[in-house]
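Enquirer: Quick one: the structure is below, questions incoming.
The values are calculated or read from the model by the stated rules, or taken from the named source; none is laboratory data. Remember, it's a predicted structure, so these values are computed and weren't measured experimentally. We place every Cβ from the backbone using ideal geometry, glycine too, and count neighbours over all the protein chains shown. Just the protein is used for accessible areas: all its heavy atoms, side chains included, with ligands, DNA and RNA removed. Shrake-Rupley method; radii C 1.70, N 1.55, O 1.52, S 1.80 Å.
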Amino acid sequence: MLQHLAGRVWLYPHDPDPDAIRPSVAVIADDHGSVLVDAGNSPEHARAIRTAITAAGLPAPRWLVYTHHHWDHIWGASAWPDVDVIAHESAVDLLTAEAGRPWSHQFLHDEVEANPKLGPSFRARALAVPDWTDFRIVLPDRTFADTLTLPTGVVLRHVGGNHAPDSLIAVSDGVALLGDAFYPPPYHLRAPDDTIDYAMVKQLLSEQHDWYVDAHSAPRTRSAALAGS
């Protein structure tokens, strides 16, 4: 179920099971239509979030923001009808390439056979999408270069980073929704010395948001984030 965080910001929490790779999804409620930050890791995940939005009595999403192009943040998009999908401009080519891959359980199996480092991610994808019949990757309707302010006042800002070049953050009501922006590269691309982007973390903390929410951890107040808890 949705949890109220602050102001208009609600959160559908992440799954603490690391094997599930199911990140949190934020809903920024507004009478003009809600802003959804990330789509869920599958159509099934998206449908559960949509049910929770209805149960909470919040306005239906009108905008869907991709914090970055990785599968667990965008694979639920096909289950969100009538939304304006927004991403950083560098996401288009990355998502186009992903959309062109022949996604199926056999394809996942073959890719892991060729590169065992893909195992954790691809096993989670197989669990997330049991049926590929209607699966599709949704490209953005709109992109931006540096910053974009939505009609509801939600500010989107490109931050890039080592995890994904298209990473952006969304800021509203004292809450910074970070996706995976400061994370190291994905496991199959990670070098032994890759670590958290501490320079980005320092910059984000200097902005003095009330809440910091990355997609695979519980929300942190600024004081908790400064304390490293």
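Enquirer: In this structure, is Trp80 out of contact with any Ser or Thr (no Cβ under 8 Å at 6 or more places or on another chain) and among the aromatic types (Phe, Trp, Tyr)?
Expert: In short, yes.
Enquirer: In segment 27-123, which helices (runs of 4 or more DSSP H) lie fully inside it and hold 2 or more residues that are within 19 Å of the chain's Cα centre (by Cα) and aliphatic (A, V, I, L, M)? Talk me through it step by step, then tell me what you get.
Expert: Numbers: elements: 43-55, 71-74, 91-99, 105-114.
Counting at least 2 such residues, we get 43-55, 91-99.
Enquirer: Kindly provide the set of residues from segment 124-169 that are open to solvent by less than 60 Å² (accessible area, probe 1.4 Å), over 28 Å from Asp197 (Cα atoms) and hydroxyl-bearing (Ser, Thr, Tyr), ordered by number.
Expert: Within segment 124-169, Thr152 is the sole residue that qualifies.
Enquirer: Moving to a separate point now. Quick check: is even one residue across segment 133-145 farther than 19 Å from Glu98 by Cβ and over 19 Å from the mean Cα position of the chain (by Cα)?
Expert: Looking for residues that are farther than 19 Å from Glu98 by Cβ and over 19 Å from the mean Cα position of the chain (by Cα), one finds none in segment 133-145, hence no.
Enquirer: Please state which of the following conditions Val201 fails to meet, knowing it meets all the rest: (1) more than 16 Å from Asp38 (Cα to Cα); (2) in contact (Cβ under 8 Å) with a residue 40 or more places away in the chain; (3) touching a helix residue (DSSP H, G or I) at 6+ places or on another chain (Cβ under 9 Å); (4) not basic (Lys, Arg).
Expert: (2)
Enquirer: Using the structure shown, decide if Thr152 is modelled with pLDDT of 95 or more, within 24 Å of Gly40 (Cα to Cα), assigned to a loop (DSSP other than H, G, I, E, B) and of a type outside the set (Gly, Ala, Ser).
Expert: So Thr152 fits the description; yes.
Enquirer: Another question about this same structure. Can you go through Ser121, Ser104, Ser78 and tell me which one is farther than 20 Å from Ala215 by Cβ, of a type in the set (Ser, Thr, Tyr) and open to solvent by 10 Å² or more (accessible area, probe 1.4 Å)?
Expert: Ser104
Enquirer: Would you check if Pro185 is out of contact with any strand residue (DSSP E or B) (no Cβ under 9 Å at 6 or more places or on another chain), part of a loop (DSSP other than H, G, I, E, B) and either crowded, with 18+ Cβ neighbours inside 10 Å or not hydroxyl-bearing (Ser, Thr, Tyr) (or both)?
Expert: yes
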